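The values are calculated or read from the model by the stated rules, or taken from the named source; none is laboratory data. All values reported here derive from a predicted model rather than from experimental measurement. All Cβ positions, glycine included, derive from the backbone under ideal geometry; neighbour counts span all protein chains shown.
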Amino acid sequence: MDEYIIALAKGGLCNRIKCLISAQRLAERYSKKLLLFWNPDGDCGCCFSDLFENQITEINQEEFLKLSQDKAYQICDTWRLLPLSQENVGRNFSRAYVSEEGNSIDFEYSRIPLNTRVNILRHLTRLIPKKHITEKVDEFYKKFDDNTISVNIRSWAGEKRSVFFDIKNLYKVMDKEKTGNFFVVLTYPRRTFPGDRKSPEGIQDALIELLLLARNKSLKASYLSTFSEIAWWLGGCRAGVEIIPITLRGRVSILNERIRMEIKKTILRFKNG
């Protein structure tokens with residue numbers, strides 16, 4: 001009997017991409033077939049097929065609820081890029097966003113072991129954006145030059161993590177650069193309305209911006225932003241990365257402890273596996 005891994009893609013665009021890549025790697029490693037549950041919602045209001053040409057077997061919510069009760073279907077429920085056991089990422093490897101196991105590679109950028117990077121890129125580069133998305137990226141890219149610097153600003157406006165963002169630190173990072181040519185991406189600015197995650201057009205624009213951020217040799221990345229992180233991956237892990245500094249103040253230490261507790265709930269759930 002065939003066995004399957006279901007990629008349970010949730011959250012924003014980049015969290016979903018990370019989940020899919022992790023599930024693809026696990027399906028390949030353990031010779032299982034892949035299914036994708038990518039349900040449009042308020043965090044990502046489009047289908048996988050609205051963004052990519054790839055033919056991946058998708059299931060709907062009713063099918064997911066049914067199949068998740070079957071032992072032949074194992075669920076990859078994660079926002080992380082999961083290291084494989086044979087990649088020998090040590091238990092004390094993590095620095096940026098530590099998992100319970102201590103071997104998470106999220107937000108580690110150039111610290112990630114080369115063999116892990118190569119394997120993840122092998123899957124990530126197989127994602128083929130829709131033709132009209134690629135055309136818009138190529139057209140806008142003509143405005144860049146060899147010195148263009150990508151800047152991703154995640155202000156976490158309206159969220160508890162907003163304490164991580166200080167615009168003065170952003171200015172310091174940009175002011176020290178000799179070039180004045182920056183490609184700056186804010187938090188989900190869209191052709192529909194600022195902050196639109198709920199429409200296919202809004203998320204398609206997010207993918208366009210993600211692919212453009214990936215085109216430059218230097219990336220100013222927001223702290224703990226998977227948007228910055230996936231931009232680096234889509235650029236082939238070639239960009240030099242500088243994390244925009246955060247100003248620790250007030251309740252940040254409490255928030256960090258809360259984050260550590262939340263990490264423990266981030267799981268790859270294999271039923272009876």
Q | Wholly within segment 111-191, helices (runs of 4 or more DSSP H) carrying at least 3 residues that are over 18 Å from the mean Cα position of the chain (by Cα) and surrounded by 15 or more Cβ atoms within 10 Å (Cβ to Cβ) | A | 131-141, 167-175
Q: Identify, from the list SER85, SER99, SER94, the residue that is at pLDDT below 95, crowded, with 16+ Cβ neighbours inside 10 Å and either out of contact with any helix residue (DSSP H, G or I) (no Cβ under 7 Å at 6 or more places or on another chain) or under 27 Å from ASP205 (Cβ atoms) (or both).
A: SER94
Q: Could you pull out the residue among GLN69, GLN86, GLN74 that is part of a strand (DSSP E or B) and over 30 Å from THR134 (Cα atoms)?
A: GLN74
Q | Candidates SER49, SER22 - the one that is of a type in the set (Ser, Thr, Tyr), modelled with pLDDT of 95 or more and closer than 22 Å to LEU224 by Cβ | A | SER22
Q.
Can you say whether ARG80 is in contact with a Gly (Cβ under 8 Å, 6 or more places away or on another chain) and charged (D, E, K, R), as far as the supplied structure shows?
A. no
**Q.** Of the criteria (1) at pLDDT 95 or above; (2) surrounded by fewer than 17 Cβ atoms within 10 Å (Cβ to Cβ), which one TRP232 fails
**A.** (2)
Q: Pull up segment 1-54, narrow it to residues that are among the basic types (Lys, Arg) and touching an Asp or Glu at 6+ places or on another chain (Cβ under 7 Å), then point me to the one that is surrounded by the most Cβ atoms within 10 Å (Cβ to Cβ).
A: LYS32
